[in-house]
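Input: a single structure, listed below in structure tokens.
The values are calculated or read from the model by the stated rules, or taken from the named source; none is laboratory data. What you see is a predicted model; the values in this text were computed from it and never measured. Note that we place each Cβ from the backbone using ideal geometry, even for glycine, and neighbour counts take in every protein chain shown. The protein model used for the area step is the full one, side chains on, heavy atoms only, and it has no ligands, DNA or RNA in it. Shrake-Rupley method; radii C 1.70, N 1.55, O 1.52, S 1.80 Å.
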Amino acid sequence: YVGTSNGIYIIDEEQKMEHLRVTDGVSVYNHIIGAYATVKDIWFLSPEGVIAYSLSTKGIRVYGKETKLTSKFSCIVGDDKQLYIGTTTNGVVAFDMFSGKYSSFLPLVGNNRISALSLHDGILCCGTLGSGVSFISLPEKKNVHSISTIPNGNGEYLTSDMVSCLLLDNLNVLWIGGVNYTGVDYMQFRNKPFHSYKI
């Protein structure tokens with residue numbers, strides 16, 4: 001499944017290619033900028049909404065942005081119930097896959113210019129263009145940690161606040177790519193509530 005600026009391409013095991021356009025006319029919904037796969041659907045992201053492609057029926061459902069969402073979408077990640085969508089100026093919004101509704105706004109993240117998302121173990125990592133990385137605890141719906149170019153209390157810092165991609169892996173190691181070709185930052189994620197014991 002390949003998202004492009006001209007719709008979705010499906011390439012099967014025999015290298016046969018099918019081209020799906022979300023709409024027949026010229027539309028921002030045909031511009032795919034991200035995807036998240038579940039067992040039943042593949043959820044594609046356009047700057048203006050979410051597109052669900054059903055693996056069983058091959059049908060497409062489009063969920064346009066609600067009027068209160070004035071910012072364009074930029075990136076997507078999810079779990080078995082919700083999608084978390086980064087926006088270019090309004091932080092992160094949650095989308096309920098079962099109801100098809102944009103269900104809630106998450107806490108503000110730095111300058112709210114979200115460029116990359118990663119989700120692991122209830123922690124949503126939010127990379128920004130200009131404010132580094134913030135960590136949101138989804139159960140608590142609050143920011144629990146942040147890293148920028150200025151060293152924090154744990155001595156962590158980034159070489160660039162302009163994040164292009166990130167991954168919080170299964171070992172709780174955070175990998176961060178910078179927009180300005182500064183290489184990859186690598187660090188252990190530390191939960192803010194924990195600190196070194198001193199007598």
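Here are some notes:
- When every residue of segment 113-124 is checked against the conditions, at least one turns out to be modelled with pLDDT of 85 or more, of a type outside the set (Phe, Trp, Tyr), at positive phi and surrounded by fewer than 19 Cβ atoms within 10 Å (Cβ to Cβ).
- Every residue from segment 89-105 that is of a type in the set (Gly, Ala, Ser) and part of a loop (DSSP other than H, G, I, E, B): Gly91, Ser99, Gly100
- Checking each residue in segment 52-80 for being closer than 26 Å to Ser164 by Cα and basic (Lys, Arg) picks out Lys65, Lys72.
- Given (1) in contact with a Phe, Trp or Tyr (Cβ under 8 Å, 6 or more places away or on another chain); (2) open to solvent by less than 40 Å² (accessible area, probe 1.4 Å); (3) within 18 Å of Leu138 (Cβ to Cβ), number of the condition Ile42 does not satisfy: (3)
- Every residue from segment 162-179 that is within 18 Å of Asn112 (Cα to Cα) and in a loop (DSSP other than H, G, I, E, B): Val179
- Segment 55-106, subset of a type in the set (D, E, K, R) and open to solvent by less than 60 Å² (accessible area, probe 1.4 Å), residue modelled with the lowest pLDDT: Glu66
- For segment 107-158, a residue qualifies if it is of a type outside the set (Gly, Ala, Ser), part of a loop (DSSP other than H, G, I, E, B) and closer than 20 Å to Asn172 by Cα, and the qualifying residues are Asp121, Leu138, Pro139, Glu140, Lys141, Pro151, Asn152, Asn154, Glu156, Tyr157, Leu158.
- Candidate set: segment 2-26, residues that are among the β-branched types (Val, Ile, Thr) and open to solvent by less than 70 Å² (accessible area, probe 1.4 Å); chosen: the one farthest from Gly49 (Cα to Cα): Ile10
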